[in-house]
1. Per residue, how much accessible area does the chain show when a 1.4 Å probe rolls over the protein heavy atoms, in square angstrom?
2. I want to check the label-to-label distance for residue 39 and residue 54. Put each point 7 Å from Cα in the C-beta direction and report it in nm to one decimal.
3. Suppose every K and R has +1 on its Cβ and every D and E has -1 on its Cβ; what is the size of the dipole of the chain about the Cα centre, in Debye to the nearest 20?
4. Give the lysines reachable from residue 28 as a straight Cα distance under 20 Å; neighbours fewer than 8 places away on the same chain don't count.
5. Multiplying the sequence separation of residue 63 and residue 133 by 0.36 nm and subtracting their Cα-Cα distance, what value in nm do you get?
6. If the elastic network links every pair of Cα atoms under 10 Å, which of 120, 35, 53 fluctuates the most in the Gaussian network model of the chain?
7. Residues with beta-carbon under 13 Å from that of residue 61, excluding residue 61: net charge, scoring Lys, Arg +1 and Asp, Glu -1?
8. Ignoring any ligand, DNA or RNA, what whole percent of the accessible area of the chain comes from carbon and sulfur when the probe is 1.4 angstrom?
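The values are calculated or read from the model by the stated rules, or taken from the named source; none is laboratory data. Everything numeric in this text was worked out from a predicted model, so none of it was measured. Don't worry about glycine lacking a Cβ; one is built from the backbone with ideal geometry, like all the others, and counts go over all protein chains shown. The accessibility values were calculated without ligands, DNA or RNA, using every heavy atom of the protein model including side chains. Shrake-Rupley method; radii C 1.70, N 1.55, O 1.52, S 1.80 Å.
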Amino acid sequence: MTQALLSARRAFLHDDVPIGAVIVRDGKIIARGENMVQLKKNPTLHAEIVAINRACKKLGAKFLDDCDIYVSLEPCAMCATAISLARIRTVYFAATDVKGGGITSNARIYDTDKHLWKPNVVQIPDFADESAALLKEFFALRRAKK
């Protein structure tokens with residue numbers, strides 16, 4: 001999770017919402033991602049999507065069923081669906097996202113049996129405060145600029 005938070009800080013540096021993700025296979029990081037929505041002017045380039053694309057490219061595979069993803073914030077519905085489509089084994093996240101979360105908050109997309117692949121979901125609350133503080137700082141600076 002520490003590495004996901006480092007990726008989130010990289011997103012902050014290029015004025016993207018500070019969310020980071022890492023994909024792990026056999027205990028080793030195989031891909032990293034940070035939000036790149038502002039940087040690349042593409043609303044789909046969330047940290048999880050970036051990490052999934054990089055992992056698939058690195059492994060030459062479309063499924064990541066022997067991989068886990070660590071994310072600094074609960075994935076949104078789009079990212080939770082992408083995680084399911086990539087068949088990632090376990091989602092670990094730090095902070096919940098009451099407004100935009102797609103797993104334990106708001107959309108709760110894995111609560112239906114209609115998903116072809118349901119990853120295990122684990123919140124790691126030890127990192128929730130650090131993730132939330134980074135997001136609060138980012139949005140406070142953004143409001144101050146206006």
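1. 53 Å²
2. So the two model labels end up 0.8 nm from each other.
3. In total the dipole reaches around 620 debye.
4. Of all the lysines, those that pass the test against residue 28 - Cα under 20 Å, at least 8 places apart if same chain - are 57, 58, 62.
5. Stretched fully, the residue 63-residue 133 segment lengthens by 21.9 nm.
6. Top of the fluctuation ranking is 120.
7. Cβ neighbours under 13 Å give a net charge of +4.
8. Percent of accessible area from carbon and sulfur atoms in the chain: 54.
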